[in-house]
Amino acid sequence: MNNPTKETQTLLQVRGLKTYFPTFQGLVKAVDGIDFELYRGEVLALVGESGSGKSVSAQTVMGLHSPKHTRIEGSIVFEGTELVGAPTKTLLDLRGGGIGMIFQEPMSAFDPLYTVGQQMVESYRLHHPGVSKAQASQLAVEALQSVGIPDSKRRFGEYSHQMSGGMLQRMLIALVIMNKPRMLIADEPTTALDVTIQAQVLRLMKQLQKDTGMAILFITHDLGVVAEMADRVHVMYAGRIVERGTSREVFGTPQHPYTKGLLASKVQPEHKNGDLPFIPGVVPRAFEFPEGCRFHPRCSFATDRCRTELPTDSFPLAAQPSHGVACHLYPAKEPV
Ligand code: SF4
């Protein structure tokens with residue numbers, strides 16, 4: 001990057017990241033060479049269908065894949081610290097205060113044998129050993145209040161099975177933001193919630209992001225959620241980023257045939273039975289990606305070149321330098 005402002009604002013820089021899982025069926029290339037940055041205070045969405053590699057990318061950043069069972073290559077630098085190959089202690093130290101994560105299923109994040117409050121206190125004191133239980137309890141109750149949990153003192157002493165899904169997701173957000181992370185990874189945080197609760201949780205996250213200045217890496221398959229939340233969007237397909245830009249660019253002037261197909265597939269009121277546009281075919285399995293552009297079996301613009309040559313870089317469009325696309329329909333980036 002040439003822009004010094006952006007450089008100083010970069011919180012996370014990912015370069016050439018590959019996450020491969022050796023399996024009996026073959027090498028699963030879940031993430032296969034992606035680059036991106038997350039700037040301080042922004043919301044970046046990684047969007048794609050199931051199997052695109054977006055969640056595995058986030059889990060790799062968080063250090064959730066054991067190096068014993070996973071092949072991880074490339075570089076993930078968070079605030080100047082390289083995380084690929086870093087000692088477990090470095091990763092554990094970063095979780096909480098540096099990087100927080102919320103998941104699709106909040107129920108699985110809480111231990112049913114302990115109260116939510118006990119777990120919030122324990123998690124906080126893990127990262128702040130000098131803080132007493134009483135102080136941590138007070139902070140936990142305040143965090144529950146800040147995410148709109150009514151009667152938060154009583155809820156603090158209850159168990160996860162006593163909460164609704166929406167309330168539990170807000171409690172998980174409270175647990176995470178108690179540690180004031182500079183970066184939050186939110187992996188499909190509203191997918192399991194009712195639509196009305198989804199909107200509440202999204203509003204809450206947006207508000208917390210504004211109040212605290214934390215950056216959010218938002219993982220979702222839901223384009224409506226992206227439009228609501230994200231400053232910038234990266235579209236993933238078969239382990240790679242195929243389009244990147246601001247939300248306005250990607251939604252307003254999509255360039256990659258896959259992005260165009262995704263946006264066209266959104267249900268609109270004018271669609272009648274049977275006339276909803278769709279992308280033919282399915283996402284290829286991660287151990288048998290096709291040669292060339294991985295989208296070519298589904299792409300109506302595919303040429304012979306597409307069937308043999310992988311678009312290996314993201315090619316900025318001249319009119320919008322922040323808007324890039326990896327597709328042979330567009331001119332290659334000039335070598336620097
Ligand atoms: Fe379609 Fe070719 Fe572009 Fe791939 S590279 S999206 S096959 S036109």
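For the reader, a short list of remarks on this structure follows.
- Shape box of region 111-178 [Cα atoms, principal axes, largest first, Å]: 33, 25, 18
- Sequence-distant residues sharing a close amide H with ILE216 (under 5 Å, placed H): GLU42, VAL43, LEU44, LEU184
- Whole-Å distance, taken between Cα centres, linking region 108-126 and region 153-216: 15 Å
- For VAL28, distant residues with modelled amide H under 5 Å away: PHE21, THR23
- Whole-Hz Karplus values for region 278-287 come out as 8, 8, x, x, 10, 5, x, 6, 6, 10 Hz, taken residue by residue from phi with 6.51 cos²θ - 1.76 cosθ + 1.60 and θ = phi - 60°; glycine and proline positions read x.
- Backbone phi angles across region 12-26, fed through the Karplus curve with coefficients 6.51, -1.76 and 1.60 (θ = phi - 60°), yield HN-Hα couplings of 10, 10, 10, 10, x, 6, 10, 10, 10, 10, x, 9, 5, 7, x Hz in residue order; Gly and Pro are listed as x.
- Accessible area of VAL195 (1.4 Å probe, protein heavy atoms only, ligands and nucleic acids ignored): about 110 Å².
- What a 1.4 Å probe finds exposed on region 1-155 is 54% carbon and sulfur by accessible area, rounded to a whole percent.
- Among the listed pairs LYS29/LYS68; LYS18/LYS68; LYS54/LYS89, those whose Cα-Cα separation exceeds 19 Å are LYS54/LYS89.
- CD proxy at 222 nm, helix term only [per DSSP H run n ≥ 4: -39500 (n - 2.57); per residue of the chain; nearest 500]: -9500 deg cm²/dmol
- Distance in nm between pseudo-label sites at SER300 and LEU27 (7 Å out along the Cβ direction from Cα): 3.6 nm
- Of all the options LEU144, LEU175, LEU126, the one that moves most in a Gaussian network model of the chain with Cα springs shorter than 10 angstrom is LEU126.
- Rg and Dmax of the chain, both derived from C-alpha coordinates alone, stand at 20.9, 67 Å.
- Computed from Cα atoms, the angle from the helix 133-146 axis to the main principal axis of the chain rounds to 50 degrees.
- Cα pair count fraction exceeding 24 Å, expressed as % - region 33-136: 36 percent
- Computed from backbone phi with θ = phi - 60° and the Karplus coefficients 6.51, -1.76 and 1.60, the 3J(HN,Hα) list for region 298-313 is 10, 9, 7, 9, 4, 10, 4, 4, 4, 7, 10, 10, 6, x, 8, 9 Hz; x is used for glycine and proline.
- Förster radius 22 Å - calculated FRET efficiency between ASP313 and LEU64 (Cβ-Cβ, nearest 0.05): 0.20
- Fluctuation leader among LYS89, LYS210, LYS54 - the chain, Gaussian network, Cα springs under 10 angstrom: LYS89
- The accessible-area ordering, largest first, of the residues GLU249, GLU309 stands as GLU309, GLU249, per a 1.4 angstrom probe.
- Between VAL242 and VAL235, MET236, TYR237, the built amide H atoms are under 5 Å apart, and every one of these is 5 or more places off in sequence or on another chain.
- Residue with peak Gaussian network fluctuation, the chain [Cα springs, cutoff 10 Å], from ARG170, ARG294, ARG248: ARG248
- These residues, LYS68, LYS29, go from largest to smallest accessible area, 1.4 Å probe, as LYS68, LYS29.
- On a per residue basis, the chain carries 49 Å² of accessible surface, using protein heavy atoms and a 1.4 Å probe.
The values are calculated or read from the model by the stated rules, or taken from the named source; none is laboratory data. The structure presented is a predicted model; accordingly, all values stated were derived computationally and were not measured. Heads up, the Cβs are rebuilt from the backbone with ideal geometry, glycines too, and the neighbour counts pull from every protein chain shown. The accessibility values were calculated without ligands, DNA or RNA, using every heavy atom of the protein model including side chains. Shrake-Rupley method; radii C 1.70, N 1.55, O 1.52, S 1.80 Å.
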